[in-house]
Amino acid sequence: MRIAVKLLGACCVMASALLAGLALEQRLRCRWQLMREMRDVLAFLEKEMTHRRTPMEEAFRRAAADCHTRLGQVLTRAAKEVEARGGRPFAAIWREAVDGCLADGGLTEEELRELYDVPAALSNADTVMQQTCMERCRQRFEELAGEEAEIFREKSGLCRRLAAAAGIFLVLLLL
């Protein structure tokens, strides 16, 4: 009976260590996917807002429908606030939406700063300038997505292996 309890405890410790490693890996993957998706959303919004002249809130809703990360929530929330026409500046609406939906996203200061700079590209009155700003912003998110992809490739396997090693260490320590 005593050995069975120890084995069950060892299995629980090992499973929790492996799940912690998978959670770290998932967090890295989410950051990479968010940057990649923001790049794609900016390309979509550029076409919608500059070529088709779609209103911002409608373009945001269309873009949010294709999102697979929490960026869809940011776009939906921003679209609702823009549609409400409360008289607030778009930069404040966007910042509030980003803070509300991505607060626990584990983003770096640089990534948050780039997300906060998006309104400058989206709310320009001159179409040519808006297109230029959106292109520049999209390229920056392309760079960030590349950096995050590299970080994910480097650290994802490491997270799993270290979690397994920590689980084995704890099992041996507790036995």
Cα centroid separation, segment 119-167 to segment 4-37 (Å): 23
Leaving ligands, DNA and RNA out of it, report the carbon-plus-sulfur percent of the accessible area of the chain at a 1.4 Å probe. 58
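Using only helices, what value at 222 nm comes out for the chain when you add -39,500 (n - 2.57) per DSSP H run of length 4 or more and divide by the total residues, to the nearest 500 deg cm²/dmol? Show your work: numbers first, answer last.
Working: 7 runs with 143 residues, N = 175.
It lands at -28000 deg cm²/dmol.
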Inter-label distance for Met129 and Thr50, nm, one decimal - labels placed 7 Å from Cα along Cα-to-Cβ: 1.4
Degrees, to the nearest 10: 2-46 long Cα axis against longest axis of the chain: 10
GNM top mover of Phe152, Phe141, Phe90 - the chain, alpha-carbon springs below 10 Å: Phe90
Per principal axis, largest first, the Cα atoms of the chain extend in Å by 74, 32, 25
Let me cross-check His51: its accessible surface, 1.4 Å probe, with only protein heavy atoms counted, in Å² to the nearest 10? 120
Using a 7 Å offset from the Cα along the Cα-to-Cβ direction at both Arg136 and Arg2, what is the distance between the two label points in nm, to one decimal? 7.2
Could you give the length gained on full extension between Glu83 and Asp117, defined as 0.36 nm per residue of separation minus the Cα-Cα distance, in nm? 10.2 nm
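The values are calculated or read from the model by the stated rules, or taken from the named source; none is laboratory data. Note that the coordinates shown come from a computational prediction; the quantities given were computed from them, not determined experimentally. Glycine gets a Cβ as well: all are built from the backbone with ideal geometry, and neighbour counts include every protein chain shown. To get the accessible areas, we keep the full protein, side chains included, count just its heavy atoms, and leave off ligands, DNA and RNA. Shrake-Rupley method; radii C 1.70, N 1.55, O 1.52, S 1.80 Å.
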